[in-house]
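Participant: The following block contains the structure, expressed as structure tokens.
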Amino acid sequence: MESNPYSSPAANLFGSTSGTSVESVSAGVINQLKRTKPWVRFMGVLLWIGVIFMSLAAAAMLLGGATMGNVMAQANPGMPTGFMTGIAVLYIFLAVLYMFPAIKIWKYGTSIGKLVKSGSNADLEEALNQQRGFWKFVGIMAIIMIVVYIVVMVGVAVFTFSAMAAGGSMPK
């Protein structure tokens, strides 16, 4: 935007510097985020460990399911053999799901490190953006889990009452 030499002068009432120089973040803000970084890294490491363990469990279930499926198919030809494979697929899904918050929280810790070195507002904004992304994902997952719990509870109630009605043990 071009400046108009005929416009009236304006003063910045909030005391921030002009856009030509790099604004810095206060030492107190940087110190608080610096003290948060070890906990952010700790939670990130725990999430990555969870991803690794779920992936290992999925691999073990796939191998075990294949082995047990062959044995069970020979012993009981009519018995379904895909249960462990289904659980393995669920574990793979959960491992992938856990990757997203692990990546976000790891990027948040990295952004805090950049902020501590530079002290710039741009790095503070990046750190807060990564934190926002983490909490957005966690919030969406919480909403999804609440909906799933409600659907499961309604499904269990409907199944229970229909089974009781079909069995004739419904109170009259």
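The values are calculated or read from the model by the stated rules, or taken from the named source; none is laboratory data. Given the structure is predicted, the values throughout are model-derived calculations rather than measurements. In this analysis, Cβ positions are derived from the backbone assuming ideal geometry, glycine residues included, and neighbour counts consider all displayed protein chains.
Participant: Yes or no: Thr67 of a type in the set (Ser, Thr, Tyr), modelled with pLDDT under 95 and surrounded by 14 or more Cβ atoms within 10 Å (Cβ to Cβ)?
Facilitator: Considered against the rule, which asks whether it is of a type in the set (Ser, Thr, Tyr), modelled with pLDDT under 95 and surrounded by 14 or more Cβ atoms within 10 Å (Cβ to Cβ), Thr67 comes out as no.
Participant: Let me ask something additional. Testing Pro80 on (1) at pLDDT 95 or above; (2) surrounded by fewer than 14 Cβ atoms within 10 Å (Cβ to Cβ), one condition comes back false. Which one is that?
Facilitator: (1)
Participant: Separate question: So Gln32 passes all but one of these: (1) under 27 Å from Gly113 (Cβ atoms); (2) modelled with pLDDT under 90. Which condition number does it fail?
Facilitator: Here Gln32 clears every test but (2).
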